[in-house]
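One structure is given below, encoded as C-alpha cells.
Each reported figure results from applying straightforward, stated rules to the coordinates on display, with no laboratory input. This is a predicted model, so every value here is computed, not measured. Neighbour counts are summed over all protein chains in view; Cβ atoms, including those assigned to glycine, are modelled from backbone coordinates with ideal geometry.
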Amino acid sequence: MIEVEGLTKYYGRSPVPAIEDVTFRVEKGEILGFLGPNGAGKTTTMRIITGYFPPSKGTARVAGYDVMEDPMEVKRRVGYLPEHPPLYNDMTVEGFLDFVADIRGLERSRKKLRVGKVAERCGLDDVMDVRIGKLSKGYRQRVGIAQALVHDPEVLILDEPTIGLDPKQVVEVRNLIKGLAGERTVILSTHILPEVSMTCGRVVIINKGRVVAEDTPENLTARLRGVRTIFVEARGPADAIEKVLREVPDVKDVRNEGSEDGTHRFVVESTLEKDVRAQLASSIVSGGFQLLELRPVGMSLEDIFLQLTTEEGA
Amino acid sequence: MRGFFAVFKKELHSYLTSPIAYVLAAVFLVLMGFLFRNLVMQFNAFCLTYFSQAARFGGQLPELNLNRIVVESFFGLLGFISLFMIPMLTMRLYAEEKKLGTFELLTTSPISNLQTILGKFSACFVLYAGTVGLTLVMMGLLDAYGEPDWGPIVSSYLGVLLLGASFVAIGILASSLTENQIVAVAISFGALLLFWLMGWASQFASGGLRKVMEYLSIIDHMEDFYKGVIDTKDVLFYLSFTFFSLFLTAVVLESRKWRGVR
C-alpha cells in the first residue's frame with residue numbers, strides 16, 4: 001500500500017540531510033509504528049508521503065501512485081494528522097469536519113453520513129456545535145483524528161497522535177487506532193515505546209534520519225539479543241529439572257531464578273532459529289516433573305530502543 | 001471548483017464570526033460618513049459664496065457641479081481609506097494558516113493552490129464590496145437633496161471595486177510571504193503606498209521609465225472612472241494587476257517545494 005524508497009531530504013542549504021535513504025513498505029491493513037527520538041526525521045518522512053513537500057531524492061508511492069507525479073491521487077487517499085492538529089479555532093466541530101470533507105473531495109452524498117459516523121467513532125457527538133477554540137486538549141486531538149478519517153481514506157498517517165493527552169485519553173486514542181487495523185493502512189509515529197508494542201504490528205525505528213531496524217515488536221526483541229528467552233515454572237527437584245532442561249538440543253543456557261514450596265522458576269535461552277518450547281515441555285513431563293508454566297519472554301521495547309539509538313550514536 | 005467554494009465559505013464565515021470585519025467595516029463607514037458630511041458642507045459653503053458673488057456682480061454664472069465637488073472627492077477618499085483598510089483584512093489570510101499549522105491541512109488536501117487563492121480572494125473581495133456597497137446610502141441622500149449625475153457614480157463604484165480587487169490581491173501576496181500578520185500588513189501597506197505615489201514619482205523621471213511609472217500609478221487609472229468614463233484600458237490595468245499579484249502568490253506557495261523549507 002505504501003512504498004517508500006531511498007527517501008532523502010535536505011532542508012534549505014543545510015548539508016546534513018534530515019532523513020537519508022529511508023526505505024520501507026507498509027502492506028494493506030497493517031499498522032506500522034514509526035519509532036524514533038525527537039528530531040529523528042519521523043515528521044519529515046510523513047510530510048513527504050502526504051505530499052506536503054517533495055523529497056530531495058527517492059520516491060514514495062501510495063496505492064501505486066507516486067507522490068510527486070500524482071499528488072492529487074495520493075492526497076485523496078490519505079488522511080493525515082500532523083503533529084499539531086490543524087484546527088480553525090473559530091469554527092464549530094461540525095463546520096470544520098464539513099469543510100475538511102469538502103476540501104478532501106468526499107462525495108457530497110456521503111458527507112452527512114461520514115461526518116456523523118466519524119463524530120460518533122471519535123466521541124465528538126456532544127461537542128459538534130462547540131467552537132474548536134473552546135475545546136480541551138483531548139477533544140482537540142480527537143477532532144484532529146476525526147478530520148483525518150472523515151473522507152474515508154485508505155491510508156492514515158498519524159504524527160504523534162497521543163502526545164499531550166492524559167492517560168485515559170491515551171488509552172482511548174490507542175483503542176481507536178487499533179480498531180482501524182485491517183480496514184485501513186496506518187502509519188503512526190511516536191517516541192513513546194509502549195504505544196508501539198500496544199498498537200502496531202510492525203515497527204520501523206528511525207534515528208538521526210536513518211532507518212536502524214524494522215520488524216515486528218516481538219522479533220525485534222529477539223533479534224537484538226540473538227537469543228530466544230523462555231520462562232519455565234515447574235515442580236520437582238531443582239537440580240534434576242535443570243539437568244533435563246540443559247539436555248534439550250539448542251538450549252544455550254538455563255538460569256535458576258528461585259524457588260518457593262518446591263516450585264522452581266527457570267529462564268531458558270535458546271538459539272533464535274529454533275523454537276524449543278515443545279521440546280522443553282515434553283522433556284519436563286517425561287522426566288516425571290510437573291510443568292506449571294512455560295512462556296516466551298520478550299525484552300521490553302524500551303531496552304531495544306535505548307540500545308539501538310545509543311549504538312547508532314556511538 | 002468544490003474546493004474553491006469550501007475555502008470561500010470558510011473564509012467568509014471566519015470574517016463574519018470574528019469582530020475584525022465588523023470593526024473595520026464600522027470604522028470605514030464612520031470615516032466615510034464623516035468625510036461625506038464635510039464634503040456636502042463644503043459644497044454648501046461654496047454655493048453660498050458663489051451665489052452671493054453672482055448676486056453682487058450680476059450676470060449669469062454656470063451652475064456648480066455637485067459631481068465634481070462632492071462625488072469625485074468622495075470616491076477619491078474612499079480609495080484612500082481602502083488603502084488602510086484592506087491590508088488589515090487580508091493580513092490573516094495566509095499568515096494565520098501558517099501560524100496555526102492549518103496550512104499543512106490545505107497543502108495535503110487534494111485541492112490546488114489556485115483554488116485556495118481564489119477562494120480567499122473572493123471572500124475578502126465580497127466583504128470589501130459589501131462594505132463599499134453600504135456607502136450607497138450616502139449617494140441616496142445626495143440624490144434626495146440634490147441632482148447628482150448617476151453615470152459617474154456608477155462608473156466610480158466600478159472603479160473603486162476594481163481598485164479594491166487589486167489591493168486585496170496585493171494583500172494576499174504579502175500574507176503568503178510570512179507567518180506574521182504584522183509583517184503582512186507592513187508589506188502590503190508599503191507596497192500599496194508605493195503604487196499610490198507612483199504617479200507623483202513619475203514626474204521626476206524621463207523617457208521609458210517615466211512611461212512605465214505613469215502606467216503603474218494605481219490611482220491615475222481612476223480618473224476616468226470618476227468622470228463617468230469606463231475605459232477598457234483602465235479596466236484591463238486593474239484586472240491584470242489583480243491577476244498578476246494572485247499569480248505571484250501561487251508562485252510563492254509553490255516555491256515552498258523547491259526551496260526546501262520546513
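Taking K and R as +1 and D and E as -1, what net charge do the other residues with C-beta under 15 Å from the C-beta of residue B:223 add up to? Present the calculation step by step, with values, prior to reporting the outcome.
Details: positive: B:68, B:227, B:233; negative: B:72, B:214, B:220, B:224, B:231, B:234.
That sum, taken over residues with Cβ under 15 Å, equals -3.
Mind checking the dipole of the protein assembly as shown: about its Cα centre, +1 per Lys or Arg Cβ, -1 per Asp or Glu Cβ, Debye to the nearest 20? Please list the in-between numbers first.
On the way: 61 positive and 65 negative charges, 141 e Å.
Rounded to the nearest 20 debye, it is 680 debye.
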Rounded to whole Hz and in sequence order, give me ³J(HN,Hα) for segment B:244-259 from the Karplus expression 6.51 cos²θ - 1.76 cosθ + 1.60, θ = phi - 60°, writing x for Gly and Pro. 5, 5, 5, 4, 4, 4, 4, 4, 4, 5, 5, 4, 3, 5, 8, 7
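So how strong a dipole does segment A:226-298 carry about its Cα centre when Lys and Arg Cβ are +1 and Asp and Glu Cβ are -1, to the nearest 20 debye? Can you show the working numbers first?
On the way: 10 positive and 13 negative charges, 28 e Å.
Dipole about the Cα centre, nearest 20: 140 debye.
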Once the dipole of the protein assembly as shown is set up with Lys and Arg at +1 and Asp and Glu at -1 on Cβ about the Cα centre, which of B:119, B:74, A:8 lies farthest towards its positive end? B:74
Residue pairs, from the table B:99/B:257; A:57/A:178; A:57/B:99, whose Cα atoms sit over 24 Å apart: A:57/A:178; A:57/B:99
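Calculate, in nm to one decimal, what residue B:65 and residue B:255 gain on full extension: separation in residues at 0.36 nm each, minus their alpha carbon distance.
That pair, residue B:65 and residue B:255, stretches by 63.2 nm at full extension.
Averaged across A:44-51, how many Cβ atoms of other chains sit within 10 Å of each residue's Cβ atom?
On the way: counts 1, 0, 1, 4, 0, 1, 4, 5.
For this peptide, the per-residue mean of nearby foreign Cβ atoms is 2.
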In Å, the Kirkwood estimate of hydrodynamic radius for segment B:2-259 over Cα pairs equals 20.0 Å
For chain B, modelled as a Gaussian network with Cα springs under 10 Å, which listed residue fluctuates most, B:18, B:245, B:156? B:18
Based on the Kirkwood radius over alpha-carbon pairs, what value in µm²/s does the Stokes-Einstein equation return for the translational diffusion coefficient of segment A:147-291 at 37 °C and 0.692 mPa s? 177 µm²/s
From the Cα trace of segment B:140-234, what convex hull volume per residue do you get, rounded to a whole Å³? 134 Å³
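So for the protein assembly as shown: antiparallel DSSP bridges make up what percent, rounded to the nearest 5? Working shown, then result.
Values: 42 of 61 bridges.
So the antiparallel bridges in the protein assembly as shown amount to around 70 percent.
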Among the aspartates and glutamates, select those whose C-alpha is under 16 Å from the C-alpha of residue A:252, and discard any that sit fewer than 8 residues away in the same chain. A:242, A:269, A:273, A:275
For chain B, built as a Gaussian network whose Cα springs stay under 10 Å, the top-fluctuating residue of B:94, B:226, B:15: B:15
Rounded to one decimal in nm, the spacing of the 7 Å Cα→Cβ label points at residue B:45 and residue B:112 is 5.6 nm
Work from the charge dipole of the protein assembly as shown (Cβ charges, +1 for Lys and Arg, -1 for Asp and Glu, about the Cα centre) and give the residue of B:144, A:44, A:175 farthest towards its positive end. B:144
What lysines could a cross-link reach from residue A:112, if we take a straight Cα to Cα line under 23 Å and drop same-chain neighbours fewer than 8 places away? A:75, B:9, B:10
Roughly how large, in nm² to one decimal, is the mean projection of the convex hull of the alpha-carbon atoms in segment A:1-92? 7.5 nm²
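Share of antiparallel DSSP beta bridges in segment A:2-215, in percent to the nearest 5? It would help to have the intermediate numbers written out before the result.
Numbers: 18 of 37 bridges.
Once the DSSP bridges in segment A:2-215 are tallied, antiparallel ones form about 50 percent.
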Considering every residue in A:77-87, what mean count of other chain Cβ atoms within 10 Å of its Cβ is obtained? 4
Shape descriptor, segment A:2-215: equivalent ellipsoid semi-axes (Cα gyration tensor, sqrt 5λ, whole Å, largest first) stand at 28, 19, 16
Using 7 Å Cα-to-Cβ label points, what is the residue A:261/residue A:210 separation (nm, one decimal)? 5.4 nm
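Over 47 Å apart: what share of the alpha carbon pairs of the protein assembly as shown falls there, rounded to a whole percent?
Everything past 47 Å amounts to 37 percent.
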Who wins for biggest fluctuation among A:42, A:137, A:252 in a Gaussian network model of chain A, springs between alpha carbons below 10 Å? A:252
Rounded to the nearest Å, what's the spacing between the alpha carbon centres of segment B:117-138 and segment A:78-136? Just the number, please. 29 Å
Quick one: if you stick a label point 7 Å off each Cα along the C-beta vector at residue B:1 and residue A:285, how many nm between them? 7.2 nm
